[in-house]
Amino acid sequence: MKLTEKQEEIFSRQILMKNIGEEGQLKLLKAKVLVVGCGGLGAPVLLYLTAMGIGHLGLCDNDTVALSNLNRQVLFTPNDVGKSKALTAQKRLKTLNPTLETTAYNQTMDEKLAKSIVQDYDIVLDCLDNFDTRFILGDACLELDKPLIHAGVDEFYGQLMTIIPGKSPCLRCLFPDGLIKEKRNKTFGIIGTTPAILGSMQAMEAAKYILGLKVFSNGLMTYDGLEQTLDKVEIIANPICLCRRG
Ligand SMILES: [Zn+2]
């Protein structure tokens, strides 16, 4: 595979980087990335992965666009209200890069779907809004040995975690059940820029992983938009957790 003249020009600023070059740009072009959730986090993730030249994107979301999404889900316009998020996002991304390959899954991410599609991708991005689905996706990634980049947002706060199977602690190591039940599926407030920041960080981690550069894979990054601080907390894997078996 070689870059076309047009691709050389589109991605010239990345090719100029010593950590990318033509070789790195080709790695991005060959990569297949699955993005689960095409909402607030999914929007910057999908826009930037497309702009950076990822070759194939899987888009999974069973939801439709609502007016209350538009403060942060910048893939969509008021004309998209009522339409499928996965299919609308797919169409929008194709206008940014007509050669992008996409597969849209206009359905709920459940155990069956996770087990049948995760294996087709190099890396998976959790852009979800609930922990039930996050655990299903996280378990499938562990089982199928696929790296997962998790992000979550709430008001001015966000978190990010890159999970490399066999190396990193996982979501189950991190969250005690009680905490999850308490916050589960509650509608929460969110300012549009919080998922913009966390989603961009997810896309950055994904690109670095594909390029073979160092990712933060042994803990949790937490972002506080009120204080504009970013902290890294190392997490020790729970020795009896699913991620330590097999
Ligand atoms: Zn674990």
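The values are calculated or read from the model by the stated rules, or taken from the named source; none is laboratory data. These numbers were taken from a predicted model, which means no experiment stands behind them. Here the Cβ is made from the backbone with ideal geometry for all residues, glycine too, and neighbour counts use every protein chain on show.
Among the residues of the stretch 99-132, which ones are closer than 21 Å to Ala207 by Cβ and of a type outside the set (A, V, I, L, M)? Walk me through it before giving the result.
As a first pass, look at the stretch 99-132 and keep what is closer than 21 Å to Ala207 by Cβ: 99-103, 118, 120-128.
Answer for the stretch 99-132, where residues must be closer than 21 Å to Ala207 by Cβ and of a type outside the set (A, V, I, L, M): Thr99, Glu101, Thr102, Thr103, Asp120, Tyr121, Asp122, Asp126, Cys127.
Tell me the residue from Ala140, Ala206, Ala237 that is in a helix (DSSP H, G or I) and within 16 Å of the ligand (Cβ to nearest atom), please. If you could, list the steps in order and put the result at the bottom.
On the way: Ala206 fails: within 16 Å of the ligand (Cβ to nearest atom); Ala237 fails: in a helix (DSSP H, G or I).
None of the other options fit; the residue is Ala140.
Could you check how many residues of the stretch 215-246 are more than 16 Å from Leu171 (Cβ to Cβ) and of a type in the set (Ser, Thr, Tyr)?
Count: 2.
Kindly indicate which of Phe156, Phe216, Phe188, Phe131 is buried (at least 16 other Cβ atoms within 10 Å of the Cβ) and modelled with pLDDT under 95.
Details: Phe156 fails: modelled with pLDDT under 95; Phe216 fails: modelled with pLDDT under 95; Phe188 fails: buried (at least 16 other Cβ atoms within 10 Å of the Cβ).
Among Phe156, Phe216, Phe188, Phe131, only Phe131 is buried (at least 16 other Cβ atoms within 10 Å of the Cβ) and modelled with pLDDT under 95.
In the stretch 209-234, what residues are under 14 Å from Met161 (Cα atoms) and either of a type in the set (Lys, Arg) or away from the ligand (no atom under 16 Å from the Cβ) (or both)? Break it down into steps so the answer makes sense when it comes.
Taking the stretch 209-234 first, the residues under 14 Å from Met161 (Cα atoms) are 209, 214-223, 230-234.
Passing the criteria: Tyr209, Lys214, Val215, Phe216, Met221, Thr222, Tyr223, Leu230, Asp231, Lys232.
Looking at the stretch 12-56 only, could you name the residues that are outside any helix (DSSP H, G or I), out of contact with any strand residue (DSSP E or B) (no Cβ under 9 Å at 6 or more places or on another chain) and at negative phi? Talk me through it step by step, then tell me what you get.
Taking the stretch 12-56 and keeping what is outside any helix (DSSP H, G or I), we get 16-20, 31-41, 53-56.
Cutting the leftovers down to out of contact with any strand residue (DSSP E or B) (no Cβ under 9 Å at 6 or more places or on another chain) gives us 16-20, 39, 53.
Selection gives Leu16, Met17, Lys18, Asn19, Ile20, Gly39.
What tally of residues in the stretch 200-213 results from selecting those that are of a type in the set (Gly, Ala, Ser) and buried (at least 17 other Cβ atoms within 10 Å of the Cβ)? Please lay out each step first, then the result.
Within the stretch 200-213, the first condition is being of a type in the set (Gly, Ala, Ser), and the residues that meet it are 200, 203, 206-207, 212.
Going one step further and asking which of them are buried (at least 17 other Cβ atoms within 10 Å of the Cβ), we end up with 203, 206-207.
Summing the residues that are of a type in the set (Gly, Ala, Ser) and buried (at least 17 other Cβ atoms within 10 Å of the Cβ) in the stretch 200-213 gives 3.
Looking at the structure I just gave you, is Ile163 crowded, with 16+ Cβ neighbours inside 10 Å, on the phi < 0 side of the Ramachandran plot, within 16 Å of the ligand (Cβ to nearest atom) and modelled with pLDDT of 95 or more? Outline the logic, then answer.
Details: crowded, with 16+ Cβ neighbours inside 10 Å: yes; on the phi < 0 side of the Ramachandran plot: yes; within 16 Å of the ligand (Cβ to nearest atom): yes; modelled with pLDDT of 95 or more: yes.
In short, yes.
Pick out the one residue from Leu46, Leu34, Leu41 that is buried (at least 21 other Cβ atoms within 10 Å of the Cβ) and under 17 Å from Asp120 (Cβ atoms).
Numbers: Leu46 fails: under 17 Å from Asp120 (Cβ atoms); Leu41 fails: under 17 Å from Asp120 (Cβ atoms).
The unique qualifying residue is Leu34.
Can you name the condition, by its number, that Arg172 falls short on among (1) within 26 Å of Leu113 (Cα to Cα); (2) modelled with pLDDT of 95 or more; (3) crowded, with 16+ Cβ neighbours inside 10 Å; (4) within 16 Å of the ligand (Cβ to nearest atom)?
(2)
Pull out all pairs, ordered by first then second residue, where Cβ-Cβ is under 6 Å, the residues are six or more apart or on different chains, the first lies in the stretch 229-246 and is more than 19 Å from Cys141 (Cα to Cα), and the second is polar (S, T, N, Q) and within 15 Å of the ligand (Cβ to nearest atom).
Glu234/Asn218
Among all residue pairs at least 6 apart or on different chains, which show Cβ distances below 9 Å where the first residue, located in the stretch 169-192, is within 19 Å of His150 (Cβ to Cβ) and assigned to a helix (DSSP H, G or I) and the second is modelled with pLDDT of 60 or more and of a type in the set (Val, Ile, Thr)?
Leu171/Ile163; Cys173/Ile235; Cys173/Ile236; Leu174/Ile235
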